[in-house]
Every structure is written in C-alpha cells, then in structure tokens.
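Below is one structure, written out as structure tokens; the observations come after it.
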Amino acid sequence: MFKTIEWTDQGVRMIDQTRLPSEEIYRTYTDYRQVAEAIRSMVIRGAPAIGVAAAMGIALGVKNSAAKSTADLRAEFEIIAEVLGKTRPTAVNLFWAIKRMREVFEKSLAAGNSNAQGLASVRASLVEEAQRVLAEDVAINEAMGRNGAELMPDAGTILTHCNAGALATGGYGTALGVIRAAVGAGKKLKVFADETRPFLQGARLTAWELAKEQIPVTIITDNMAGHFMKQGEIRAVIVGADRIAANGDTANKIGTYSVAVLAHENAIPFYVAAPLSTIDLSLASGEQIPIEERSAKEVTHLAGVALAPAEVPARHPAFDVTPQRYISAIITEKGVARAPFTQSLSALFA
Ligand code: MRU
C-alpha cells in the first residue's frame, strides 16, 4: 500500500498526486516553504491530507529554525504558520492543524525553559505532534468507515465525486473509507467515480486507488451522473468535505452541489463523510465559507495542452457549497449526524 505522506529523517515525504496515475513518484521536502508549495500546487490535496501536511510543515520549519531564544522561535513559528496558512483557503483542516500545532508549541514553551535544551524539546514536541496528527487521522477514518458502512446498501453502485480516499487523508479515506469498510463487511458495492473536472481527481486518483484494491470502479464524466441516476443505476452518493458549517452546509469539490441536487431529484441518499476537524462551528452557514478560486489555466489546459482559444477567459472556483437540505446524513468518527444539523453537529463535540 502506498503512503500519502510520512515523516522521515530526511524530511516530509509524499506521493506526488499531480503525477498519478501514470507515475508513482515520491518527493521529500526538507524546507517548510517546499511543503507549502506542495499544498498549493496540489502535490498533496484533500482536506485531511492538507491538515497533516501543514502540521508536518510546521514541525519541519521549527525543527530547522536556527532561533536561539523563545522570542525568536515564536516569531519564526508565526512566519511558518502564515506561509502555510496562505496555501489553500477552503479546507478548514489546514487552519485546524495550524491551531493544534500552535497550542502544542505554546504549551511546550510554557513547560520548558528558554535555554538550548528547552528549545530542543519544543522542537521535538512539534515533530511528535505532527506524527500524531497523521496516526490519528487514519484511526479517525477507520472509525468513520465503521459508522458509515451500515448506511451503504448490501449491493449496488455508489457514486462519488472527487477523491476522498487514502490519497486525500493520512490513509484509508473518508468517503472511500466508508466504501472500503462496507466492502470489507461483505457488501457487494461497485463505484462510479465522477471524473471531476478540471483537476480530474476522480479519473486519476479515485480510480487509481480503488483499482489497486480491486474494488470495482468505473469512471464517468461529471455530466453523466444525472443520466445514470435516472436510469436507476446509482443506489447512493457519498462524498468528502472541505468545510462543513454549523448548519450542515458543506463545501466540497466543485460539482458536488450539482450531484446533490440530482440525487435529491432522483430520491437517492446523499451522504457526506468527514472528520470533526472539517466541521467549522464558527460559521453559521455555508455562505461564509471562503471558496478558493484557482488558475483558469487548470480549466483551459490539460497536461500543458490548450483545450480552448487563448483569448477566451475561463473561471475556476475549486469548490461549491451544498445546502444542508440535500444532505441525508453526515458521517463522522463520533457518529452519524442528521437534520436538524445545527443540533446534531454541535452534539458531536459535546
Ligand atoms: O482540491 P482538492 O483535491 O484538495 O479537493 C478535495 C476535495 O474536495 C475532497 O472531496 C475533500 O477534501 C475531502 S477529502 C477526504
């Protein structure tokens, strides 16, 4: 099995998702700025994986820092956090991870003293914490899988959009984790993977990781979903999330909203699988979720080849928000939330 991301003695190692499925290349980053660039350029992507990468980026930056005083190290921490925090605005796991690392940093500074030995232990505690973030993420996904498996039908085709699998997390996956758990429990599931224009996470990544595991997967283009739903070929939809507001409105890969509306129209259950770290109770509704606008070139070009006239502009919002009324349930590691989500989601944090 591949590793999406890991901490090594040489640095932060990750599989380059921009090169899949044609090449399985691993990159090792020795500087936090490189980790930030890997997040921005989507060498690593998917909300929980971005969170793990940010935690490791901070650990790397602090470990490499030459600061000799608490004040200097704190100032450097803030620069590192700022650089990483500016990479991708929608996935809240990025900010969740930075906050978690900051808390450990401050706690560790408060516990120790400011001599060289004290600062070394602060550095070590951040490296440990980043590795804990990764290990916990895998365990959380497995718990989510157990909680969601029973919602899956005993047999039939499940539609998913984008990639919410092992590649999008520390391992195992959120939406694909639920499918993995259901298949592991003996359910005869097949997957339709939406191609997911423009970055093709479905065709390149979901198809790659499911095929590796011999879970039957078929690629469809995004505009085919309605057709297959109407034909009765899709039993349920399950997707991941980049940020879930307090009322259940869910930001996920662009195109998710259309899939949810189609599922509603065709009376097909639409599930979201996400860890608590993706739920942002500070936002009342999805209207407040910042939507990343990426380069139009990712729309007009494919692998460097122009698909459109050079003089015509293109737009590229990378995410959309699915209103909570289209969501049948939100599957988390702490249990399954259903409408009214304002109550059911906040209860998960109790
Ligand atoms: O732009 P990406 O590839 O980072 O977008 C990823 C998604 O939209 C995923 O569905 C989401 O992050 C959940 S991953 C478990």
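Annotations
- Förster radius 41 Å - calculated FRET efficiency between Glu128 and Ala314 (Cβ-Cβ, nearest 0.05): 0.40
- DSSP-assigned coil residues among chymotrypsin sites (Phe, Trp or Tyr not before Pro) in the stretch 252-350, each with at most 13 further Cβ atoms within 10 Å: Phe349
- Shape class for the stretch 160-209: oblate, because the ratio a/c of the largest to smallest gyration tensor axis (alpha-carbon atoms, square roots of eigenvalues) is 1.5 or more and b/c is at least a/b.
- Normalised Debye scattering of the chain at q = 0.13 Å⁻¹ gives log10 I(q)/I(0) of -0.97, counting only Cα atoms as equal scatterers and leaving out solvent.
- Accessible area of the chain belonging to carbon and sulfur atoms, whole % at 1.4 Å probe: 53 percent
- For the stretch 256-313, the solvent-accessible area of protein heavy atoms averages 53 Å² per residue (probe radius 1.4 Å; ligands and nucleic acids excluded).
- Cα gyration tensor, the stretch 227-266 - rounded (a/c under 1.5), prolate or oblate: prolate
- Rounded to 5, the percent of DSSP beta bridges in the chain classed as antiparallel: 50 percent
- Between Asn64 and His227, the contour length at 0.36 nm per residue exceeds the Cα-Cα span by 53.3 nm.
- On a per residue basis, the stretch 5-143 carries 42 Å² of accessible surface, using protein heavy atoms and a 1.4 Å probe.
- Each Lys and Arg Cβ is given +1 and each Asp and Glu Cβ -1; about its Cα centre, the stretch 145-347 then shows a dipole of about 480 debye.
- Highest-fluctuation residue, Thr30, Thr206, Thr174 considered, GNM on the chain with Cα pairs under 10 Å: Thr30
- Nearest-0.05 FRET efficiency for Asp72 and Leu307, computed from C-beta distance (R0 56 Å): 0.70
- Here the dipole of the stretch 248-308 is about 220 debye; that uses its Cα centre as origin and unit charges on the Cβ of Lys and Arg (positive) and Asp and Glu (negative).
- Modelled FRET efficiency - R0 41 Å, Gln117 with Asp16, Cβ distances, 0.05 increments: 0.60
- Alpha-carbon centroid distance for the pair the stretch 221-247 / the stretch 19-67, whole angstrom: 30 Å
- In this view, the solvent-accessible surface of Asp222, computed with a 1.4 Å probe and all protein chains in place, comes to about 50 Å².
- Note on the chain: with charges restricted to the Cβ of Lys and Arg (+1) and Asp and Glu (-1), its dipole about the Cα centre is near 220 debye.
- Taken over the stretch 9-164, the convex hull of the Cα atoms encloses 125 Å³ per residue.
- Prolate/oblate/rounded call for the stretch 214-350, Cα gyration tensor, a/c under 1.5 rounded: oblate
- Label-to-label distance, nm, for residues given as Ala185 and Ala296 (7 Å Cα→Cβ offset): 4.7 nm
- Residue-span extension gain [Gln343 to Met1] - 0.36 nm each, minus C-alpha spacing: 119.3 nm
- Pairs exceeding a 22 Å alpha-carbon distance, out of Lys68/Lys107; Lys86/Lys253; Lys3/Lys297; Lys212/Lys334; Lys230/Lys334: Lys3/Lys297; Lys212/Lys334; Lys230/Lys334.
- By DSSP, the beta bridges lying fully in the stretch 145-347 are antiparallel in about 40 percent of cases.
- Filtered chymotrypsin sites (Phe, Trp or Tyr not before Pro), the stretch 1-100: DSSP coil and at most 14 other beta carbons within 10 Å: Phe2
- Helix runs (DSSP H) in the chain reaching 24 Å along axis by Cα, Kyte-Doolittle at least -0.5: 47-64, 92-111, 116-149
The values are calculated or read from the model by the stated rules, or taken from the named source; none is laboratory data. The structure displayed is predicted, hence computed values, not measured ones. In this analysis, Cβ positions are derived from the backbone assuming ideal geometry, glycine residues included, and neighbour counts consider all displayed protein chains. The area values use the complete protein model at the heavy-atom level, side chains included, leaving out ligands, DNA and RNA. Shrake-Rupley method; radii C 1.70, N 1.55, O 1.52, S 1.80 Å.
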